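Engineer: My questions all concern the structure below.
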Amino acid sequence: MELARRDLILSAAALSLASSTRGFAAGDRPLGYAIVGLGNYGLGRIIPEFANCRHSRLAAVVSGDRAKAEKVAAEHNLPAGSIYNYRDFDRIRDNPAVDIVYVCLPNAMHAEYTIRAAQAGKHVLCEKPMAVSVAECEAMIAACRKADRKLMIGYRCHFEPYNLEAMRLAKSGAAGKIRYIRSEHGFTASDPTMWRLKRALSGGGSLMDMGVYSLQAARYMTGEEPVAVTARESTDRRDPRFTDVEDMIDWTLEFPSGAIGSCQSSYSANHNHILLMGDKGRIELEPATGYAGQRMWVGNGREREVTPPPGPAKTQFAGQLDHLAQCVATGRTPIVSGEEGLRDMRIIEAIYRSARENRTIRLDGRA
Ligand code: NAD
């Protein structure tokens, strides 16, 4: 059942990416995004990407820093009425230029702004991790469903050509029967004051941040849903960075086919790697999920480097923005919907529980 569902998701991804090359019918306007949170990602990475989009444009900004918001608005020719702060955000309901709200805030604020956006009648693109608990994810999905709005999670790797090609190759049997996947993601958290190290804002440590890439990769590369997880945390609590959240956590996923996922996340080592082993060979990506610069090898080692065909979108970020715009315009469900974020959050909660209780946690309801 799950395999069939993942197949559908992959073919929906291919279909939707192919259709994004065709564009809207004449007369359709690009849909307007409001970016909430003008930080490194929202301002530094996403806003410049509207220049690469065909179906999306910047329509508003939401920030606690008025001067910064005015500067961004001026640079992008936005009218003064397109600037909001966190208190008057709900006024966005009266702005017809905004179709979609993109939540680029610290993790613990994702649920609140997703729900407020849906209640204001806007569709939502929410950054990863979807939220900080299963309960929050469920409330976000319910709010978007009640308002009849779409909800997509910022899983940009589903629009990135190397990851898409790796998924296609794995599914086509290029490595044979999948036996094992390793996926490690981390960076060195050098600033002890960053919100990522404060549980009240992050919901957790490296797992909530880089661990999402490791977990996602294990699921989209195998095309399976794990049935059990066993996790172990390793954190030096004397390190002032890690008084509140975990540093390193590794977890083993058991898949129905018998394949094993060995995943890791860290805030004290830089790594970005996916290795899938089958009974006939391997598919390896390193760096695997960065903003750019991916490399991939297919075969028995690193002898054969593979370059995928370019994707239909100029970049993974533009592909992601345009995908949701097209889903809104055509009534389709995003390939990385709120339900996909919820699936990850259920596993994340099980990973933390396994590490805490020092035992395997079943994910399939079996004792
Ligand atoms: P950041 O710290 O650079 O930006 C956060 C923004 O939120 C800032 O503009 C800040 O002013 C604002 N903010 C509002 N209230 C705040 C509060 N109480 N405390 C702290 N900041 C507050 O963070 P970022 O790197 O832009 O991350 C934002 C979100 O984007 C996170 O959920 C993160 O996981 C996600 N992200 C995703 C990717 C990706 O590749 N998909 C990459 C980076 C970040």
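Engineer: What percent do you get for the relative contact order of the chain when only Cα pairs under 8 Å and 6+ apart count?
Structural biologist: Relative CO of the chain lands at 20 percent.
Engineer: Taking the Cα atoms only, what angle lies between the long axis of helix 211-222 and the longest principal axis of the chain, rounded to 10 degrees?
Structural biologist: 70
Engineer: Once label points are set 7 Å from the Cα along Cα→Cβ at both R353 and K198, what is their separation, rounded to one decimal in nm?
Structural biologist: About 2.9 nm separates the two model spin labels.
Engineer: Right, next: Please identify, among A228, A166, A51, the residue showing maximal mean-square fluctuation in a Gaussian network model of the chain using a 10 angstrom Cα cutoff.
Structural biologist: Highest fluctuation among the options: A51.
Engineer: What trypsin sites (Lys or Arg not before Pro) does the range 284-367 have in DSSP loop regions with at most 11 other beta carbons within 10 Å?
Structural biologist: Those satisfying the criteria are R304, R359, R366.
Engineer: Shifting gears a bit: For the chain, take the longest principal axis of its alpha carbons; what is the angle in degrees between that and the long axis of helix 161-172, to the nearest 10 within 0 to 90?
Structural biologist: 40
Engineer: Under a GNM of the chain (C-alpha, springs under 10 Å), which listed residue has the highest mean-square fluctuation: T289, T188, T235?
Structural biologist: Of T289, T188, T235, the Gaussian network model singles out T188 as fluctuating most.
Engineer: Mind checking the log10 I(q)/I(0) for the range 182-237 at q = 0.12 Å⁻¹? Debye, one equal scatterer per Cα, no solvent, two decimals.
Structural biologist: -0.35
Engineer: Next question, about the same structure. Just round it to a whole percent: the fraction of Cα-Cα distances in the range 56-175 exceeding 19 Å.
Structural biologist: Every Cα pair in the range 56-175 considered, those over 19 Å come to 54 percent.
Engineer: Of all the Cα-Cα pairs you can form in the range 228-316, what percent are over 15 Å apart?
Structural biologist: 71
Engineer: If packing is taken as the average count of other Cβ atoms within 10 Å, what order do 147-153, 69-75 fall into, highest mean first?
Structural biologist: On the way: 147-153: 22.7, 69-75: 15.7.
Packing proxy ranking, top to bottom: 147-153, 69-75.
Engineer: As I understand it, the dipole of the range 37-184 uses +1 on the Cβ of Lys and Arg and -1 on the Cβ of Asp and Glu, about the Cα centre. Which of P48, G81, I141 lies farthest toward its positive end?
Structural biologist: I141
Engineer: For the Cα atoms of the chain, what angle does the longest principal axis make with the long axis of helix 338-357, in degrees from 0 to 90, nearest 10?
Structural biologist: Value to nearest ten degrees: 50.
Engineer: Report, in cubic angstrom per residue, the convex hull volume of the C-alpha atoms of the range 28-123. Could you put the intermediate results ahead of the total?
Structural biologist: Working: hull volume 8.8 nm³, N = 96.
Looking at the range 28-123, the number lands at 92 Å³ per residue.
Engineer: Volume per residue, Å³, of the convex hull around the alpha-carbon atoms of the range 31-84? Write down the numbers at each step before the final one.
Structural biologist: Numbers: hull volume 3.6 nm³, N = 54.
So the per-residue Cα hull volume is 67 Å³.
Engineer: Using only the alpha-carbon atoms, what does the chain span along each of its principal axes? Please give whole angstrom values in decreasing order.
Structural biologist: Projected onto its principal axes, the Cα set of the chain covers 57, 50, 37 Å.
Where a number appears in this text, it was derived from the coordinates with a stated rule and is not lab data. For clarity, every value in this text was computed on a predicted model and none was experimentally measured. Every residue, glycine as well, gets a Cβ built from its backbone with ideal geometry; the counts of neighbours run over all protein chains shown.
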